[in-house]
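For reference, the structure is listed below as structure tokens.
Each reported figure results from applying straightforward, stated rules to the coordinates on display, with no laboratory input. It should be emphasised that the depicted structure is a prediction, and the values quoted were computed from it without experimental measurement. Glycine also receives a Cβ, built like all others from the backbone with ideal geometry; neighbour counts cover every protein chain displayed.
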Amino acid sequence: MALATSQQPTAESSTSAVPSSSSGSTSAEVFKRLHPSQYLSRFLSKGYRPDGRKVRAWRDVSINVGSISTAHGSSLVRMGDTTMVCGIKAEVAEPSAQSPNQGYVVPNIDLPAICSPNFKPGPPGDEAQTYSNWLNDLIVSSRTLPPSSLVISPGKAVWVVYIDVVCINFDGNAFDAAVLAVMAALRNVRLPKAKYDEETSRTICSRTENHPLTLGRIPLSCSFGIFDSTHVLPDPTSYESPLLPTSITIALDEENEACLVRQEGLGGVVGKSGERVLGEAWTIAEERSKELRRILEESAI
Amino acid sequence: MATAFDRRRIPGPEISIPPIYEPLSNENEAGPSKRSGRSNDEARPIFLKTGLISQANGSGYIESGGVKIACSVYGPRPKAPPYTPQGTLNLEIKFAPFASNPRRAPLRDTEPLPLSHLLTQSLLPTIQLHLLPKSSIDVFLVVLESDTTTNVLSAGLTVASAAIADAGIEMYALGTSAVISSTCSDTSPGDGTGSGNGESILVLDPEEEEERNSTGKVLVGSMPALGKVTSIWFEGENGIDEVSEMIEKAIAASRDTHTILAQALLEGAEERGIGGDEEVA
């Protein structure tokens, strides 16, 4: 217990340099590495997280849009130290024969080797593939970008919207950050006005006229982890995530309607029914998504 | 076409083409564009910052002209057998799919491999690898925005040096680089025979348009602190004297980049409270 209390003030004051081994308190560093679970539980018993925030607190979020000139829409999201860049590029394709009035939406999340020592270079790993699928499900099921709005000429030409999210710094809770980045970038997209020419069967785009995308529901995701069947921790970092056997993700739209609810892993909180735990998380998520939505609104200038 | 279906990504349609824009209405705009308000010996401003990627041992982020690159360094970390008396440098450049025009579809993009190789070669002489037996240094670069290949390599070398230094890995000197392209003056672009008679203009840090109209370009990687050159990459057709002049100019320009690089490293060190004595309480 003495270790944790002695560590607390430094952890509170330090903002980002936690993983660097250059800090003076080596015994605390060693303890942190060898007994991560105890290290975390001592912090939690004092009401704090290892990165200095309160147990129920979220990390600060900032959004920057439109900084990548090679994309039709882009955003950079920082959630604590987790950094995501989302770039959206549109291309033109022929619609499939089954659905001539549908464009394509192709979301992908990449967690390249640059963002964490745990990821290897090469094709997307399991985690990245999982997140890509979650993101695709979320966008399709909540009709954020209806494929029917991407038609240039029925049966002839449609837009393909490639949504690519690249993680630059992985400090946990990548999915929340990715969803926020995608929504910010989608709002930033300006597509050129396109016209399909029947004679040449080509699509020609205007250089001067453009329009934003027609967007449906904008879901924002909030994730939690449950530690030791006692603590529900919002917005887990990459240090905490491996110690949290249960994770809950709730994505809500503008009306606080659920777009995605997912709980993974066995186990809830001792002394509370699963329903109550989920209800509590929901209440926190409602508040958080309102806050995220405010930041999202402010990001668009 | 569909030889191997990529199951690891959300698939798009088999074929999609980048938007085709209508031809420019007035021809004047399409003509040879002037440099955006800078002289021929002036590089575009560089923004460089170290230590942004907290997960990495060392990192850097650079914005230089139309290029944005994030770089992180992991290591030195233990390397799997066989035993090597020297450290190994692994370097990978990756382009984000949205980083260039047209879009770079994953798997179909073959450019990064030779680029990684070129950058490794120009970076190798700067690192004291003999001090790191049995270890490897992993350098990863993600290109978030790019215009020309040479600019990517040039900015890549600078940011990789910054990140390696930021990781505390011992180096001989910081590596920086510069690009010079030569353009023939007073010859219409369609002429094609300008290389002999026309006076050629040497341009530092060329923009995409300038590089396209150039007769030759050279990328020089150097260690300004030691006065040594680590790599020269020339492409095009120019007289030997002219190429020597281009190299001279590039070396001179990379000294300026070196100043920016050193400044960024000092600032990064100060922010973390190392270096300046008064910072350490």
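Quick notes on this one:
- For chain A, pairs of C-alpha atoms spaced more than 24 angstrom apart make up 56 percent of the total.
- Amide H contacts of B:MET171 (H built 1.01 Å from N, under 5 Å, at least 5 apart or other chain): B:GLN128
- For A:LYS46, the lysines whose Cα falls under 19 Å of its own Cα, not counting residues fewer than eight places away in the same chain, are A:LYS32, A:LYS54.
- Least to most buried among A:MET183, A:MET84 (fewest other Cβ within 10 Å first): A:MET183, A:MET84
- Square roots of five times the Cα gyration tensor eigenvalues for the protein assembly as shown, Å: 42, 35, 19
- Gaussian network model of chain A, springs between alpha carbon atoms under 10 Å - residue of A:VAL92, A:VAL30, A:VAL161 with greatest fluctuation: A:VAL30
- Unpaired by the 4.7 Å Cβ criterion, cysteines found in the protein assembly as shown: A:CYS86, A:CYS205, A:CYS222, A:CYS259, B:CYS71, B:CYS184
- Average partner coverage of A:176-187, which counts Cβ from other chains inside 10 Å: 0
- Per principal axis, descending, Cα span of the range B:90-235 in whole Å: 57, 40, 19
- Over chain A, Cα pairs under 8 Å with separation of 6+ residues give a relative contact order of 17 percent.
- Percent of Cα pairs exceeding the 35 Å cut-off, where the set is chain B: 26
- The angle between the Cα long axis of helix B:149-166 and the longest principal axis of the Cα atoms of chain B comes to about 20 degrees, rounded to the nearest 10.
- Cβ crowding within 10 Å, taken as a proxy for footprinting-reagent exposure, orders B:TYR172, A:TYR104 from fewest neighbours to most as B:TYR172, A:TYR104.
- Compactness relative to 2.2 N^0.38 Å, alpha carbon Rg of the range B:35-169: 1.10
- Per-residue average of Cβ from other chains inside 10 Å of A:102-113: 4
- Relative to the dominant Cα principal axis of chain B, helix B:240-271 is inclined by about 40°.
- Mean per-residue shielding of peptide B:102-109 is 3, counting Cβ atoms of other chains within 10 Å of each Cβ.
- Most mobile listed residue (B:ALA264, B:ALA225, B:ALA167) in chain B, GNM with C-alpha springs under 10 Å: B:ALA225
- Against chain B, whose longest principal axis comes from its Cα atoms, helix B:112-123 is set at around 60 degrees.
- Cα-based reach from A:LYS89 at 19 Å (exclusive), listing aspartates and glutamates while leaving out same-chain residues under 8 positions away: A:ASP110, A:ASP164, A:GLU209, B:GLU14, B:GLU22, B:ASP109, B:GLU145, B:ASP147
- Selected from B:ALA96, B:ALA43, B:ALA178 as most flexible by GNM, with chain B as the system and alpha-carbon contacts under 10 Å: B:ALA96
- For the range A:69-112 versus the range B:93-152, the spacing of their alpha-carbon centroids is 23 Å.
- For the listed peptides A:59-71, A:221-233, a ranking on the average number of other beta carbons within 10 Å per residue, highest first, reads A:221-233, A:59-71.
- Selection among B:SER154, B:SER100, A:ILE114 by position relative to the dipole of the protein assembly as shown gives A:ILE114 as farthest towards the positive end (Cβ unit charges, Cα centre).
- MRE, 222 nm, helices only [DSSP H, n ≥ 4, -39500 (n - 2.57), over chain A, to nearest 500]: -9500 deg cm²/dmol
- Solvent-free Debye scattering, log10 I(q)/I(0), computed from the Cα coordinates of the range A:61-212 at q = 0.12, 0.16, 0.17, 0.21 Å⁻¹: -0.54, -0.88, -0.96, -1.26
- The ranking of B:TYR61, A:TYR39, B:TYR83 from fewest to most other beta carbons within 10 Å of each one's beta carbon is B:TYR83, A:TYR39, B:TYR61.
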